[in-house]
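The values are calculated or read from the model by the stated rules, or taken from the named source; none is laboratory data. All values derive from a computational prediction rather than experimental measurement. Positions of Cβ are backbone-derived with ideal geometry, glycine not excepted, and every protein chain shown enters the neighbour counts.
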Amino acid sequence: MLVMRPGELAAGLLQKIGDKLKMKVDKPIAEPGDRGRMLGRDISRTNLGFKLSGGEKLIHALALELNVEAGVGREVRTPAVGGEAFGPEEGDLLSEQELSWYRSQVGKIQYTATDRPDVQYVARGLARVMSKATSRHVKIVTRLVKYLVKFPKVEYIFEEQTAIEEVRCFVDTNWGGEYDARSVSGGALLIGGSLVMTWSRTQGSTALSSAESELYAIASGAIETEHATRVLEEILHHREKDYAHGLKRCQRCP
């Protein structure tokens, strides 16, 4: 676990984010019960903050494309089989037309996986073989879509925080888990008590030991934590400048 303490980071920051969101969603979400959409996600205002969920339209489109129906066929409760590798060794290579279809479906899965930590590992693996996908990868896509149909929604709840004292990042790694012996880093970034970012990434270098792969994962998490910390400090700095500017204007008033 990495912990960085940049001091008091924007008390009431979520309220400021909410003010920004008003300009980007279909309609204002200023009062509890108000709802809007942004980038295909549903955003609603609660008494304590915001609630975000989305991706259901894309999941519906994927289900129609792959002829998957809820409650039909074998039940799928995990996005992939444990220890699944995504290499091109098994199955028949897809034709150019089939590859085009495959890329379209994986693109939808990747967009859905942006705020779905449970499918990011599989989405990343499917995207790595875009140019050499096989019939086996189509089966993995079908299984993943069945999982998404069964569990179509993940809700993020962001409650207003009076003060944000720390940015936390948790990382883990799957050493040598890829077909080319590369490792995969996973992580989650929290600002105060709110989860704001998760990821699953193939490491750029081949780690020769589990300790080395964990070092790469920690370095990646440290970069994300530092970036989030600097963004928050910049927001706080602008808040203070806006407040000081407004106070100066009030002092000039007769």
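Mind checking whether some residue in the stretch 181-202 is free of Cβ contacts under 8 Å to residues at least 24 places away in the same chain and within 19 Å of VAL81 (Cα to Cα)? First the steps, then the outcome.
Going residue by residue through the stretch 181-202, those that are free of Cβ contacts under 8 Å to residues at least 24 places away in the same chain are 190.
Narrowing the set further to residues that are within 19 Å of VAL81 (Cα to Cα) leaves none.
Scanning the stretch 181-202 turns up no residue that is free of Cβ contacts under 8 Å to residues at least 24 places away in the same chain and within 19 Å of VAL81 (Cα to Cα).
With respect to ILE109, is the statement that it is assigned to a helix (DSSP H, G or I), crowded, with 19+ Cβ neighbours inside 10 Å and either assigned by TED's automatic domain parsing to the domain that holds THR198 or in contact with a Pro (Cβ under 7 Å, 6 or more places away or on another chain) (or both) true? No, not satisfied.
In the stretch 27-44, the residues that are assigned to a strand (DSSP E or B) reach residues that are of a type in the set (S, T, N, Q) with C-beta atoms within less than 8 angstrom, at least six apart or across chains, in these pairs: ARG35/SER44; GLY36/SER44; ARG41/SER53; ASP42/SER53. For ILE59, state whether it is over 17 Å from VAL196 (Cα atoms), at pLDDT 85 or above and within 19 Å of the chain's Cα centre (by Cα). Here the answer is yes, as ILE59 does meet what is asked. Number of residues in the stretch 64-89 that are surrounded by 10 or more Cβ atoms within 10 Å (Cβ to Cβ), charged (D, E, K, R), part of a loop (DSSP other than H, G, I, E, B) and modelled with pLDDT of 75 or more equals 1. Among the residues of the stretch 150-182, those that are surrounded by fewer than 18 Cβ atoms within 10 Å (Cβ to Cβ) and of a type in the set (Phe, Trp, Tyr) comprise PHE151, TYR156, PHE170, TYR179. Please determine, by comparing only the residues of the stretch 185-200 that are β-branched (Val, Ile, Thr) and surrounded by fewer than 21 Cβ atoms within 10 Å (Cβ to Cβ), which one is nearest to SER213 (Cα to Cα). Restricting to residues being β-branched (Val, Ile, Thr) and surrounded by fewer than 21 Cβ atoms within 10 Å (Cβ to Cβ), the top hit is THR198.
Report whether or not GLY125 is at pLDDT below 90 and of a type outside the set (Asp, Glu).
Numbers: at pLDDT below 90: no; of a type outside the set (Asp, Glu): yes.
For GLY125, the condition - at pLDDT below 90 and of a type outside the set (Asp, Glu) - is not met.
Residues that are closer than 14 Å to VAL145 by Cα and touching a residue at least 40 places away in the same chain (Cβ under 8 Å) within the stretch 82-120 comprise GLN105, LYS108, ILE109, TYR111, THR112, ARG116, VAL119, GLN120, listed in sequence order.
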